[in-house]
Amino acid sequence: MHTPTYKAFLFDMNGTMIDDMDFHTEAWHQILNNDLQGSFSREEVAAQMYGKNSEVLARFFGEGRFTQEEADELSVQKEKIYQKAYLPHLKLIKGLDGFLEKAKEQNIQMAIATAAITFNIDFVVDNLHLRHYFNALVSADDVSKSKPHPETFLKAAERLGINPEDCLVLEDAPKGVEAAQNAGMDCLVITTMHRQDEFPAYDNIIGFVEDYTDPMLEKLLAGEKK
């Protein structure tokens with residue numbers, strides 16, 4: 001058995017493990033326009049719905065518009081809309097089930113490190129029976145600063161007991177890649193939501209894949225870095 005170059009894989013969740021971003025866009029669009037009387041297009045919503053939910057609300061309505069309690073309530077309301085709509089479609093991105101199993105067999109540490117709230121992590125890992133693969137789960141509830149700040153990935157590495165330079169981040173979004181770079185970590189990009197030409201500014205990217213059936217994933221498990 002080969003010894004992998006990376007000792008840990010840190011997975012973003014939405015768009016990286018599951019292809020669900022259109023459902024988040026629709027849920028936000030409903031909350032922002034129907035519940036909060038905004039007038040935002042789906043394109044505007046899709047472009048601004050990164051980071052913590054409270055940050056998304058502040059982006060659209062300004063800082064201080066909502067108390068923390070109000071923001072938390074709206075956040076859960078939005079996620080309930082998302083979960084109800086997405087549950088019939090919930091599945092891993094192609095090939096990820098096999099990749100997780102092989103990584104576990106090789107004793108590679110794994111964590112989910114996401115801007116999603118714990119409520120949504122539980123929704124995914126428990127409905128898809130994934131909890132046994134992950135030694136750490138880091139959500140928006142665990143950090144004070146969202147991506148592109150490196151806190152999410154650094155906290156995941158710390159919880160795994162792995163040095164940042166020995167971690168590979170799997171991401172789908174430019175701000176997530178930037179967070180990995182800020183954490184001193186290499187990154188593999190899954191092109192579910194963003195094209196390859198949308199990542200020009202980062203030197204920590206080891207490659208781009210459409211899904212987890214790409215031969216590059218086998219090379220990672222065999223200990224080949226690039």
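The values are calculated or read from the model by the stated rules, or taken from the named source; none is laboratory data. In this text the structure is predicted, and so the values were computed from the model without any measurement. FYI the Cβ positions are ideal-geometry reconstructions off the backbone, even for glycines, and counts take in every protein chain you see.
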Is it true that some residue in region 146-159 is touching a residue at least 12 places away in the same chain (Cβ under 8 Å), in contact with a Lys or Arg (Cβ under 6 Å, 6 or more places away or on another chain), farther than 16 Å from T16 by Cα and hydroxyl-bearing (S, T, Y)? yes
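How many of the residues in region 169-184 are surrounded by 20 or more Cβ atoms within 10 Å (Cβ to Cβ) and either farther than 20 Å from I121 by Cβ or of a type in the set (S, T, N, Q) (or both)?
Pass one, region 169-184, residues surrounded by 20 or more Cβ atoms within 10 Å (Cβ to Cβ): 169-173, 176-181, 183.
Next, only the ones that are either farther than 20 Å from I121 by Cβ or of a type in the set (S, T, N, Q) (or both) stay: 177-178, 181.
Total meeting the criteria: 3.
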Among the numbered conditions (1) exposed (fewer than 14 other Cβ atoms within 10 Å of the Cβ); (2) out of contact with any His (no Cβ under 9 Å at 6 or more places or on another chain), tell me where I93 comes up short. (1)
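Out of region 127-154, which residues are polar (S, T, N, Q) and in a loop (DSSP other than H, G, I, E, B)?
N135, S139, S144, S146
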Per-region count, region 191-226, residues in a loop (DSSP other than H, G, I, E, B) and touching an Asp or Glu at 6+ places or on another chain (Cβ under 7 Å): 6
Qualifying positions in region 75-126 - farther than 25 Å from V209 by Cα, modelled with pLDDT of 95 or more and part of a loop (DSSP other than H, G, I, E, B): none
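The rows are residues; the columns are (1) over 18 Å from the mean Cα position of the chain (by Cα); (2) loosely packed, with under 13 Cβ neighbours inside 10 Å; (3) more than 15 Å from F9 (Cβ to Cβ); (4) not assigned by TED's automatic domain parsing to the domain that holds H29.
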position: Q68; (1), (2), (3), (4): yes, yes, yes, no
position: K102; (1), (2), (3), (4): yes, no, no, yes
position: D122; (1), (2), (3), (4): no, no, yes, yes
position: V143; (1), (2), (3), (4): no, no, yes, yes
